Amino acid sequence: MRSLSGDLPMHQLAHMDHTALTRLYELGGIGLVDEILEYFYDVGAQRVDRVKRAWTVGDLLTIERETHALRSSALNVGAVALNDVATEIETRARRGHREGIPELITELAAAYGDVLIHLHRSQSDMRP
Amino acid sequence: MKTLTVVEDNLDNLLLVRALLGKEYRLLTYEDGRAALEGLNEERPDLVLLDISLPGMDGNEVLKRIRANAALADLPVIALTAHAMNGDRDRFLSAGFDDYLTKPIIDADHFKSIIQNLICKAG
């Protein structure tokens, strides 16, 4: 089912915490929102790439570290579904359970892409 | 103005802490445990906000070294963690933290009151 307002499917829109950006705005205005989002766009993409590369060499420690950091950034911007996938990967990597990780990494990258679309739209909507 | 040492390797979390606390406290920030310990030896703050998941030396090890240092042993230290599981509070208190906060920090007032209370308690 697609949302009425845009391109993201309803279930994905529902996995964003829409209050997160509002809290950032109340705390530090559009300046803080921009700073946090620019960090997420930049470093978030790097972290997803590092997770993918780490998997190709079987480096579970890096996967654990990068997904843990990504979780924190995801929650700061309200990306609940992204946090959930990152948490699942982090947990499996920490326990040394490799099964299912490649599929979850694919889901992670897709979730990250979806979140970017939502955040760019929200950021634009917040400007006067 | 009271001084807080903040040990956190993610810049976005540092930005948030600065937005929340930067007007009321002087903030000394470090991105890893070793640098934080060196900083603490140079200047003792009124309280430490310590991320648990740090590169290299993690927050638990940093705390152990703080408590082992006679000049810093009674320093109030709050754990910052993205993990939120049952029993965490007891675990952190048993480890020697004075309190813990879960990231993302949603309740700014609660966050500030914990810090203020611990600083007052420390005298």
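Residues checked against (1) away from every other protein chain (no Cβ under 14 Å); (2) touching a strand residue (DSSP E or B) at 6+ places or on another chain (Cβ under 7 Å); (3) in a strand (DSSP E or B):
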{"position": "B:V6", "(1), (2), (3)": "yes, yes, yes"}
{"position": "B:L14", "(1), (2), (3)": "no, yes, no"}
{"position": "B:L27", "(1), (2), (3)": "yes, yes, yes"}
{"position": "B:S53", "(1), (2), (3)": "no, no, no"}
{"position": "B:A73", "(1), (2), (3)": "yes, no, no"}
So in the range B:39-67, with the set limited to residues that are more than 12 Å from B:T5 (Cβ to Cβ) and hydrophobic (A, V, I, L, M, F, W, C), which one is least open to solvent (accessible area, probe 1.4 Å)?
B:L63
Checking A:E103, A:E90, A:E99 in turn, the sole residue that is among the acidic types (D, E), outside any helix (DSSP H, G or I) and either free of Cβ contacts under 8 Å to residues at least 24 places away in the same chain or out of contact with any strand residue (DSSP E or B) (no Cβ under 8 Å at 6 or more places or on another chain) (or both) turns out to be A:E99
Among the residues in the range B:85-95, are any under 15 Å from the mean Cα position of the chain (by Cα) and either within 14 Å of another protein chain (Cβ to nearest Cβ) or open to solvent by less than 20 Å² (accessible area, probe 1.4 Å) (or both)?
no
When only residues in the range A:39-57 that are open to solvent by 30 Å² or more (accessible area, probe 1.4 Å) and more than 13 Å from the chain's Cα centre (by Cα) count, which is farthest from A:T19 (Cα to Cα)?
A:V57
Please identify the pairs in which a residue from the range B:31-43 that is modelled with pLDDT under 95 has its Cβ atom under 6 Å from the Cβ atom of a residue that is part of a helix (DSSP H, G or I) and loosely packed, with under 15 Cβ neighbours inside 10 Å, counting only partners at least 6 apart or on another chain.
none
Candidate set: the range A:66-124, residues that are on the phi > 0 side of the Ramachandran plot and away from chain B (no Cβ under 14 Å); chosen: the one least open to solvent (accessible area, probe 1.4 Å)
A:G100
Within the range A:18-36, residues more than 9 Å from chain B (Cβ to nearest Cβ) and touching a residue at least 12 places away in the same chain (Cβ under 8 Å) come out as A:H18, A:L21, A:Y25, A:I30, A:V33, A:D34
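The values are calculated or read from the model by the stated rules, or taken from the named source; none is laboratory data. Computed from a predicted model, the values in this text were never measured in an experiment. Note that we place each Cβ from the backbone using ideal geometry, even for glycine, and neighbour counts take in every protein chain shown. Ligands, DNA and RNA are excluded from the accessible area calculation, which covers all protein heavy atoms including side chains. Shrake-Rupley method; radii C 1.70, N 1.55, O 1.52, S 1.80 Å.
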